[in-house]
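**Q** Supplied in structure tokens, the structure appears directly below.
The values are calculated or read from the model by the stated rules, or taken from the named source; none is laboratory data. The structure presented is a predicted model; accordingly, all values stated were derived computationally and were not measured. Here the Cβ positions follow ideal geometry from the backbone for every residue, glycine too, while neighbour counts run over all protein chains shown.
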Ligand SMILES: [Zn+2]
């Protein structure tokens, strides 16, 4: 399960590239949505605690006209859903659960980003709920992330902050990077599992998340229910051998890496029967109120003094989304390496669907920024995931190079570049075989100089754009 055993010889890598094998179960033929710029390589959310090196991904579906599921959800939101009716459903739900004794009546998980701020604030101040906000601490706070966290509680909320044992989390993050190239996975475990566990302990029956992942490409049928699928955060039976963290089974984490039951408690799902017996409901606010990312940002600025990142995030033009954890830079970067979809492609795609950007603008922004290396916090990352033998006498023995530096991180990339997506050019540099700006349907973008083009822009809007 570790790098030491997985290194491939250069001839094996070359053979795979010649075959253009598709890793991770990705579709061999790369297509880009005709409305947004997402490609058909985008994996859907999956049950992370079953994720191993062998897992085959389910990916976003495209219809016969080349339109992705997320764009169809956006159309459905604009054309079909009666939002007044949905708001009535929200009011009914709130009335059912509203506290009569000043105790908390719902939990809103989050980190004080624009979405959790909006969700908790509107539930409290418009719909009269008394939410407890809870936070599973980011790996490495950014300065502006901490400010936003403070603004959140300053705007009228109690917050339970659980900060994980960093010694454990750093080791799990290192394993997730080595085995899955997914440095965010251990954080996501805590983030998904914390709310239902606290709800059970504190006897709070209702949990509100912001948006349903179907907004970004999970299957459209997920939208039919206002509730999160129980399988994402609970398990019928907790069989340790079937639970994987960082691609390593729990028994192996104990035996080879010296982790204890206590160390792994926060990373284990809750038993489904506890959710059912306690009648804990996990709802998405986006089912009831039309979700619009930029509006949430403006709402959080207006009501909480939300601050953006002082500079655009590496790999994207955006400054307002996924900004509280230094690890986000690497999360999006690794998605770019594995699936050929950089941070710009994700952000531009939802902004196109939301009507805040045109597709042409999105294509040019992707050409300019997608897959830029996230150098601003790279030393923080290398320190975070280094497994010093003095600190980790047993676990460090499993790594070929316990202390991470840039060379090591760069070498790790190549194992995760799927041959059907990546090739080396004449100068021995890695290039994507397919990009949205070189797509045959976008030939007009091929020769555009993005540096000149970018001067035409003001913020996210091109000066000659029709969008106001
Ligand atoms: Zn689309």
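**Q** Hey, does the range 116-137 have a residue that's free of Cβ contacts under 8 Å to residues at least 12 places away in the same chain, closer than 30 Å to residue 93 by Cβ and not in a helix (DSSP H, G or I)?
**A** Yes: one or more hits.
**Q** Something else: Helices (runs of 4 or more DSSP H) wholly in the range 248-302 with at least 2 residues that are touching a strand residue (DSSP E or B) at 6+ places or on another chain (Cβ under 7 Å) - which ones?
**A** 272-277
**Q** Conditions first: (1) within 16 Å of the ligand (Cβ to nearest atom); (2) at pLDDT 95 or above; (3) buried (at least 23 other Cβ atoms within 10 Å of the Cβ). Residue 109 passes all but one, so which condition is the exception?
**A** Here residue 109 clears every test but (1).
**Q** Quick check on the range 366-386. Is at least one of its residues within 16 Å of the ligand (Cβ to nearest atom), under 24 Å from the mean Cα position of the chain (by Cα), buried (at least 19 other Cβ atoms within 10 Å of the Cβ) and part of a helix (DSSP H, G or I)?
**A** For the range 366-386, residues within 16 Å of the ligand (Cβ to nearest atom), under 24 Å from the mean Cα position of the chain (by Cα), buried (at least 19 other Cβ atoms within 10 Å of the Cβ) and part of a helix (DSSP H, G or I): present.
**Q** So residue 89 ticks every box in (1) surrounded by fewer than 21 Cβ atoms within 10 Å (Cβ to Cβ); (2) closer than 26 Å to residue 333 by Cβ but one. Which box is left unticked?
**A** Only one criterion is unmet by residue 89, namely (2).
**Q** With 227, 241, 197 as the choices, which residue is more than 23 Å from residue 52 (Cβ to Cβ), modelled with pLDDT under 95 and touching a strand residue (DSSP E or B) at 6+ places or on another chain (Cβ under 6 Å)?
**A** 227
**Q** Moving to a separate point now. Specify which of the listed residues (29, 75, 48) is away from the ligand (no atom under 16 Å from the Cβ) and over 24 Å from residue 183 (Cβ atoms).
**A** So the residue among 29, 75, 48 that is away from the ligand (no atom under 16 Å from the Cβ) and over 24 Å from residue 183 (Cβ atoms) is 29.
**Q** Testing residue 176 on (1) surrounded by fewer than 24 Cβ atoms within 10 Å (Cβ to Cβ); (2) in contact with a helix residue (DSSP H, G or I) (Cβ under 6 Å, 6 or more places away or on another chain); (3) under 30 Å from residue 258 (Cβ atoms), one condition comes back false. Which one is that?
**A** (1)
**Q** Is the range 325-336 home to any residue that is touching a strand residue (DSSP E or B) at 6+ places or on another chain (Cβ under 6 Å) and closer than 20 Å to residue 439 by Cα?
**A** Looking through the range 325-336, none of the residues is touching a strand residue (DSSP E or B) at 6+ places or on another chain (Cβ under 6 Å) and closer than 20 Å to residue 439 by Cα.
**Q** Would you confirm whether any residue within the range 90-109 is part of a helix (DSSP H, G or I) and touching a helix residue (DSSP H, G or I) at 6+ places or on another chain (Cβ under 9 Å)?
**A** yes
**Q** Please indicate, with yes or no, whether at least one residue in the range 65-84 is more than 25 Å from the chain's Cα centre (by Cα), part of a helix (DSSP H, G or I) and without any contact (Cβ under 8 Å) to a residue 60 or more places away in the chain.
**A** Checked the range 65-84: at least one residue is more than 25 Å from the chain's Cα centre (by Cα), part of a helix (DSSP H, G or I) and without any contact (Cβ under 8 Å) to a residue 60 or more places away in the chain.
**Q** Right, another one. Check off (1) surrounded by 23 or more Cβ atoms within 10 Å (Cβ to Cβ); (2) within 16 Å of the ligand (Cβ to nearest atom); (3) on the phi < 0 side of the Ramachandran plot for residue 340 and give me the number that stays unchecked.
**A** (3)
**Q** Right, something else. If I go through the range 143-156 residue by residue, how many of them are touching a helix residue (DSSP H, G or I) at 6+ places or on another chain (Cβ under 9 Å) and surrounded by 21 or more Cβ atoms within 10 Å (Cβ to Cβ)?
**A** 2
**Q** Condition first: buried (at least 16 other Cβ atoms within 10 Å of the Cβ) and without any contact (Cβ under 8 Å) to a residue 60 or more places away in the chain. Now tell me which residues in the range 33-58 satisfy that.
**A** 40, 55, 57
**Q** Tell me the residue from 134, 122, 37, 60 that is at pLDDT 95 or above, on the phi < 0 side of the Ramachandran plot and within 14 Å of the ligand (Cβ to nearest atom), please.
**A** It is 37.
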